[in-house]
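Below is one structure, written out as structure tokens; comments come after it.
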Number of protein chains: 4
Amino acid sequence: MTSARACVLHAKGDIRIEDRQVAAPDANEVLVRVGAGGICGSDLHYFQDGGFGAIRVREPIILGHEVAGRVEALGSGVSGLAVGQKVALNPSKPCNACRHCLQGMQQHCLDMRFMGSAMRLPHVQGAFRDRIVIDAVQCVPVDDALSLGEAAMAEPLAVVLHSLNQAGSVTGARVLVTGSGPIGLLTLLAARFAGAAEVVMTDVADEPLFLARTLGAFDTVNVAASAADLDRHVQDRGHFDICFECSGAGSALAAAFAAVRPRGTIVRVGIGDIASLPLNMLVAREIRLCGSFRFHAEFAVAASLLSDRRIDVRPLISATYPLAQAKAAFEEAGDRRRATKVQLVFDE
Amino acid sequence: MTSARACVLHAKGDIRIEDRQVAAPDANEVLVRVGAGGICGSDLHYFQDGGFGAIRVREPIILGHEVAGRVEALGSGVSGLAVGQKVALNPSKPCNACRHCLQGMQQHCLDMRFMGSAMRLPHVQGAFRDRIVIDAVQCVPVDDALSLGEAAMAEPLAVVLHSLNQAGSVTGARVLVTGSGPIGLLTLLAARFAGAAEVVMTDVADEPLFLARTLGAFDTVNVAASAADLDRHVQDRGHFDICFECSGAGSALAAAFAAVRPRGTIVRVGIGDIASLPLNMLVAREIRLCGSFRFHAEFAVAASLLSDRRIDVRPLISATYPLAQAKAAFEEAGDRRRATKVQLVFDE
Amino acid sequence: MTSARACVLHAKGDIRIEDRQVAAPDANEVLVRVGAGGICGSDLHYFQDGGFGAIRVREPIILGHEVAGRVEALGSGVSGLAVGQKVALNPSKPCNACRHCLQGMQQHCLDMRFMGSAMRLPHVQGAFRDRIVIDAVQCVPVDDALSLGEAAMAEPLAVVLHSLNQAGSVTGARVLVTGSGPIGLLTLLAARFAGAAEVVMTDVADEPLFLARTLGAFDTVNVAASAADLDRHVQDRGHFDICFECSGAGSALAAAFAAVRPRGTIVRVGIGDIASLPLNMLVAREIRLCGSFRFHAEFAVAASLLSDRRIDVRPLISATYPLAQAKAAFEEAGDRRRATKVQLVFDE
Amino acid sequence: MTSARACVLHAKGDIRIEDRQVAAPDANEVLVRVGAGGICGSDLHYFQDGGFGAIRVREPIILGHEVAGRVEALGSGVSGLAVGQKVALNPSKPCNACRHCLQGMQQHCLDMRFMGSAMRLPHVQGAFRDRIVIDAVQCVPVDDALSLGEAAMAEPLAVVLHSLNQAGSVTGARVLVTGSGPIGLLTLLAARFAGAAEVVMTDVADEPLFLARTLGAFDTVNVAASAADLDRHVQDRGHFDICFECSGAGSALAAAFAAVRPRGTIVRVGIGDIASLPLNMLVAREIRLCGSFRFHAEFAVAASLLSDRRIDVRPLISATYPLAQAKAAFEEAGDRRRATKVQLVFDE
């Protein structure tokens, strides 16, 4: 039995660093020394609003589900992992027995345990802690030359790769990404990796668009400054083959309908709410709108693409804070003009 | 040069029966003696509201695009048709030269001429007239034993078959159809023909649901009486593989999201407007929502399925009116408790 | 402990009726009184040739995997089944834990136990026995009005529905079925159920083609009598959208390539060998050739479609033999001019 | 009226350089000064064997369909092109009116005119000539910084992109390419561009495999030296998601079946013949085998990807010969140990 320092949210805005007991790893489990963890939009919603939609923080919860570390100890029966090895932690733990799992749709598992999520009660505790015991199958090795900060990006990159899979093939496609936060920018990187013919990025702030250009965006449009600027990419009845809607803004989704060609695809990534949609355009252009939720097999692919930097996420990590300054980290993460991906680091 | 009697809409509510000159058929054209024509929802919108959405009647327009008749005379160069032959008239005339046509998406033709549509100006004149000259390729032969009223159903059936094609395979699928007007009921017939495992129908009126049951609906739900009745078909995270939304009501679309399983498909058929959608469910269940617009190759399939009554639409033709009583026909067509498909008949 | 009479194959041609001990059903198991069982092509290969390809009968094996019966006793923990209930027995028992199962491809399970198969050693014993203990999940209820002989057709019908799923949507398609044995004829029924526009059947014998016509084939061609007769269905560069190759004959597959349109699909059903294929046509027409192997979710669909006779297989059951005359049954099953599906019946 | 020097094949092995008259470009035509042209496998078959399969050279034919040049003069009505502009020439001229064209399958045009092809009689003359008049729509602009030799690779790259489109999404897939000639190596480059997780190359010669490694192959296997070497990539029931069969060898196709996972895809690229296939594996693994023929929309994509060298084909151009030495060029092109892509160059 050892102990861990954890980043616990007690209520909206109330983050505390607390000690937690850590048991030795059981059979098929691993003790991981966590090195870095990224703050995700859902972490931020918990911190800023105490939840999102119907999902509310109802008891203290350790936040965090984008983390990586080094294996510290192996439980019995674990193979393929070694002490000292760098691993990205897959926060998904599907039951692999319900009807959805047995159809290969583990992201829709009826008994999913997803780290740091307030969806169930008791909440599933998260991974912003310097030590964690976790199932061996959730530990995905990464190259030793990769920083743990980069390795912690496996989770959001898996989200993005999953959204690409919803769209079918991206190779040769004209792609619009609405919203240039971390998910939007990762989509830019992933779409380029997948051979998109062009990727146009939008946002309501100039700073992330500046970054988008350095990352290879074909063009960027600040839709707050001038929504009409997108028109230069929109010819008769739509130009883009695929739009990834990563902003969560209803206006972005409406703009996407105007920008997508007949029979084009709009993938909505991430959590949404109620929004008004131009169904007349959905029908008249036979647009396909589909949601994308989390990931499954894509986590291992993401870890692999990060390992040899075929997708290089270093420009997206905008700041790192020690665990003790977690609150400051969350505050910075909430400022889109300064922050892309803010990460916590833990003493190794 | 001969003459025709036509049903002309001059303005909202202002229907007049007028004479029109009819030229002899030119090369590759056919003169058709029209026998029956069904009143479609768009005809009704023109009559009741003077248009729908941004599309307004701006000059006198002959209504009608669901018609069938007998060939009366052939222009030069026409093969495969004979005088006296029964034909369903395909109201679509794509250019077959624009970029969408050359990709096999003729329904998105950039220069489409669709009979009886106020979308272009001058409007494309319709087919509620006892004689019409039309391109030979728009005349699709039907079996001589088929009534012209049934043959006139080829157009709405083509709309429905096109929507099935958007959904992928329907065979073995659990299907929900929201809205039991003519399009919804044809969807019921087509989904059964395509081997759906079950088809559940909804509406806000009892009369069309009664008809749905006689046509083989697995179950029917009056969502105005008790929306919760649909719940008996909805198990954990959705039951239906596919929903065809044929009502045009925003509430129906919202209910569809709750009823469809993860990775299920919702096809929106027919004209829509702005609607509020639960994007949280779209994302969390990775639902695919797609629009369906008109038809192309499906018209010939529809004519064939009607010809040998593999799809038997006779129960859907609820009333027939002579051309002289067109206004009464339109008024009845607007009363969903009395009318399914109201047709005009022309003296043969 | 009770006993069962079983049809055991000891070697090529050597069928014996023997007693076997039957234990009481364990937890989640069911004791079934088997009523009828159909002789499948693989049973026949075991009997006639001692195996097929690399799969050889290496120890005594109870044959049979197309069976149905009545529940006689329930083990503990079984729900959804009642004593006396009619059930079709699903011969597939996937592990639901290997990488293929967890992707929804249970038919490719790395640890599959399929009843009456000599693929593994010890062989998995089959179901031609009047009593069997089997997992409850393998018992699929059918309507009480359905005969057990019909219910036993759930397995080959599941094979056929699975092959339809490989082809995508069959609705409105022109379908060619090469080979009019039991699988071919079930494909005819299933393709009609799924809304095929036309189904053309071929065989090398007249008798099954005669039956095909009574079952609704659009046309039939005896390719032994005149292979050229198929040409009347083949226009410039191919006519059929989909071909189901159910004969196992190399010549049939070659003919399929000539008959299928550009971008058409050929599904090869059932066990094959080495065959010569015209790759020039595969390439020049961009034909898609895919294999179909067994079934998974389709078994329950098959049981449902049989239950209300939306697919009526009664005309396919050509003869029934009591267990004691199993050898005569196998001999008749090998004579394609007399037999379609030959079934064993067990005293109820 | 001006003149051109052309590379004319009179019979097997009989190449002559001859003068041809060149008319001024008509309306919608362009006179192009050809700069470079690559020798394709079909050119080589014409030269070495006088044809392939049923296609035979029956009259003198100007070879060549992989060419690029500069616009020299514009016919009336041409827009979007300027004198002096570099263009890749698309050798496909579909009718855009037959039933296949109107379904977006122009590569299956019933009246296709493909440059330098002996399929029709009179043969369609090719583009190994220093001047050619061609339809403006067949001239696809490339960046002025691109060499004409690279631009001439647009055609084989289009073939390869088309084959990728047959496979669905390549992103994240494990890819096997059998055959490392120009098409195989371009497939390597294209699969990497499209985000393949890994690409393993095979061949029967070491030289192209050496090049494959420098171009980023994950591994290479000389199957002539040791076919078993491929086994290190083949785990239980197949490893690769997709195989592109680019060798034309029957043994390669058979090996592909063993290497591909259940439900995997094999795309056969290029011209084939009769081959023996293990249908037992096709069925047992439900492998999808599809042909890929030429290209359509992919030509413009290829020109774009070459223009900014997102796909850099320079390492594939192994030799260039002046037109006068065409025969030597063809002889070198036939020696796979020396040649990758051999090109003719014309005086600019």
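The values are calculated or read from the model by the stated rules, or taken from the named source; none is laboratory data. The structure presented is a predicted model; accordingly, all values stated were derived computationally and were not measured. FYI the Cβ positions are ideal-geometry reconstructions off the backbone, even for glycines, and counts take in every protein chain you see. We work out accessible area using only protein heavy atoms, side chains counted, and drop any ligands, DNA or RNA first. Shrake-Rupley method; radii C 1.70, N 1.55, O 1.52, S 1.80 Å.
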About its Cα centre, what dipole magnitude does chain C give when the only charges are +1 on Lys and Arg Cβ and -1 on Asp and Glu Cβ, stated in debye to the nearest 20?
540
At a threshold of 8 angstrom on Cα-Cα distance, excluding pairs fewer than six apart, so keeping six or more, what relative contact order does chain A reach in percent?
18
Would you mind working out the magnitude of the charge dipole of the protein assembly as shown relative to its Cα centre, with +1 at each Lys and Arg C-beta and -1 at each Asp and Glu C-beta, to the nearest 20 Debye?
0
Kindly report, to the nearest 10 Å², the accessible surface of A:D312 as traced by a 1.4 Å probe over protein heavy atoms only.
50
Taking a probe of 1.4 Å, how large is the accessible area per residue of segment A:21-73, in Å²?
34
Relative contact order, percent, segment C:166-213 [alpha-carbon distance under 8 Å, six or more residues apart]
43
The FRET efficiency for A:S226 and B:N96, from their Cβ-Cβ distance with R0 = 35 Å and rounded to 0.05, is 0.35
Rounded accessible area of D:R192 (nearest 10 Å², 1.4 Å probe)
120
Rough spin-label spacing in nm, given labels placed 7 Å along Cα→Cβ, for D:D144 and B:A328
7.6
The protein assembly as shown: mean projected area of Cα convex hull, nm²:
53.2
In a Gaussian network model of chain B with springs linking alpha carbons closer than 10 Å, the residue among B:G250, B:G334, B:G77 that fluctuates most is B:G77
Nearest 100 Å² is fine: how much accessible area is buried between C and D, summed over both sides, with a 1.4 Å probe?
3400
With +1 at each Lys and Arg Cβ and -1 at each Asp and Glu Cβ, the charge dipole magnitude of segment A:208-348 around its Cα centre, to the nearest 20 debye, comes out at 240
Can you return the lysines within cross-link range of A:K327? Criterion is Cα-Cα under 16 Å, with same-chain partners fewer than 8 residues away left out.
A:K12, A:K341
Could you sort D:D347, D:D236 by accessible area so the largest value comes first, with the probe set to 1.4 Å?
D:D347, D:D236
If you count, for every residue in D:258-265, the Cβ atoms of partner chains within 10 Å of its Cβ, what is the mean?
3
For labels at A:D14 and B:A205 in the simple 7 Å Cα→Cβ model, what's the distance in nm?
5.7
So for segment C:49-180, taking the charge dipole from beta-carbon charges (+1 Lys/Arg, -1 Asp/Glu), which of C:S92, C:G50, C:I62 sits furthest toward the positive end?
C:G50
Enter the mean number of other protein chain beta carbons within 10 Å of the beta carbon of each residue in B:286-299, as an integer.
6
Below 8 Å, C-alpha to C-alpha, sequence gap of six or more: please give me the relative contact order for segment B:274-348 in percent.
23
Suppose R0 equals 56 Å; then what is the FRET efficiency for A:D308 and B:S3 from their Cβ-Cβ distance, rounded to the nearest 0.05?
0.10
Cα-based reach from C:K86 at 13 Å (exclusive), listing aspartates and glutamates while leaving out same-chain residues under 8 positions away:
C:E72, C:D143, C:D144, C:E150, C:E348
Considering only protein heavy atoms, with the full assembly of protein chains and a 1.4 angstrom probe, order B:L282, A:L189 by accessible area, largest first.
A:L189, B:L282
Accessible area of D:H10, 1.4 Å probe, to the nearest 10 Å²?
50
Within the accessible area of segment A:125-207 (1.4 Å probe), percent carbon and sulfur:
50
Using Cα centres only, tell me the gap between segment A:1-71 and segment B:252-306 in whole Å.
40
Any idea how far apart B:A82 and B:Q235 come out in nm if each label point goes 7 Å out from Cα toward Cβ?
5.6
How many percent of DSSP beta bridges within the protein assembly as shown run antiparallel, rounded to 5?
60
